[in-house]
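Shown next, in structure tokens, is the structure this report addresses.
The values are calculated or read from the model by the stated rules, or taken from the named source; none is laboratory data. All figures in this text were calculated on a predicted structure; none of them were measured in a lab. Note that we place each Cβ from the backbone using ideal geometry, even for glycine, and neighbour counts take in every protein chain shown. Calculation scope for accessible area: heavy atoms of the full protein, side chains included, ligands and nucleic acids excluded. Shrake-Rupley method; radii C 1.70, N 1.55, O 1.52, S 1.80 Å.
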Amino acid sequence: MAGRPPAGLLLAAGAGRRMGRPKALVTLGGQPLVRRALRVLDDGGCAPLLVVLGAAADEVRGLLPAGVQPVPAPDWAEGMGASLRAGLDAVAAIDPAPDAVLVHLVDLPGVTADAVARLAARSGPDALVRAAYDGRPAHPVLIGRAHWPGVRASAAGDAGARGYLAGHPALELLECGDVSTPDDVDTQEHLSRWAGNTVEP
């Protein structure tokens, strides 16, 4: 990709109430989801890597590979918006600040490094790119530095960046359905569907 790679920001603060435990700690294919997602960001070309922590923060922190920056979100229980604000603040504090940040969610085991790399290749300060699957917007999302203040200001509840992205004239949908799937893992039933999946992300 031209220029600097985007920072990789993993939102992993949720309590996973429907799952019965924080999804960052859930193991799939012998690997906690938080480590699986970080590998996808790393293999997709993101650097540095940051993880927003909330529920079971100490346990999740203990699973982070060397060099990954933990970002505490004291207000994580408010929803994804609080996690996104904390993450963007941490990315903005990097010196020098990256041109863009690629935001990924911990409960999306079907998102691959190929999809991350496809978005990361569009990195730039004005980038606003969202992965799409058969034309439907989903994750991950690449957010250029010029958009951070607007995204932060609009991030509330569980909407995350959705309000800012919806209808934004600069938003580009980038098809990733050929290399990735957007299905989340919210419940034990969802997890069981993935349990027999031996395909690496």
Relative contact order of the chain, pairs being alpha-carbon contacts under 8 Å that are 6 or more residues apart, as %: 25
Protein-only accessible surface order, largest first, of TRP148, TRP76 at 1.4 Å: TRP76, TRP148
Among ALA117, VAL103, LEU173 the positive-end extreme of the charge dipole of the chain (Cβ point charges): VAL103
Distance-filtered residues of segment 147-178 - backbone nitrogen under 18 Å, label point 7 angstrom along ASP75 Cα→Cβ: 148-164
Check: segment 30-134 dipole with +1 on Lys, Arg Cβ and -1 on Asp, Glu Cβ, in debye: 220
Cα gyration tensor shape for the chain, rounded if a/c is under 1.5, else prolate or oblate: rounded
Inter-probe distance in nm under a simple model that places probes 7 Å from Cα toward Cβ, at ALA47 and VAL179: 1.9
Order by protection proxy (mean Cβ within 10 Å, highest first), peptides 158-168, 18-28: 18-28, 158-168
Cα centroid of segment 117-188 to Cα centroid of segment 56-84, whole Å: 20
Carbon + sulfur, % of accessible area of the chain - ligands and nucleic acids excluded, 1.4 Å: 51
FRET efficiency estimate (nearest 0.05) - Cβ-Cβ, ALA93 to ARG136, R0 25 angstrom: 0.15
Leading residue at positive end of dipole, segment 1-107 (Cβ point charges), from PRO32, LEU10, ALA93: PRO32
Accessible area (Å², per residue) of the chain, counting only protein heavy atoms and a probe of 1.4 Å: 43
ASP95 accessible area, 1.4 Å probe, all protein chains in place, Å² to nearest 10: 140
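So what's the back-of-envelope 222 nm ellipticity for the chain, counting only DSSP H runs of four-plus at -39500 (n - 2.57) apiece and dividing by all residues, rounded to 500?
After summing the helix terms and dividing by residue count, I get -7500 deg cm²/dmol.
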Cα-centre dipole for the chain with unit charges at Cβ (Lys and Arg positive, Asp and Glu negative), debye to 20: 180
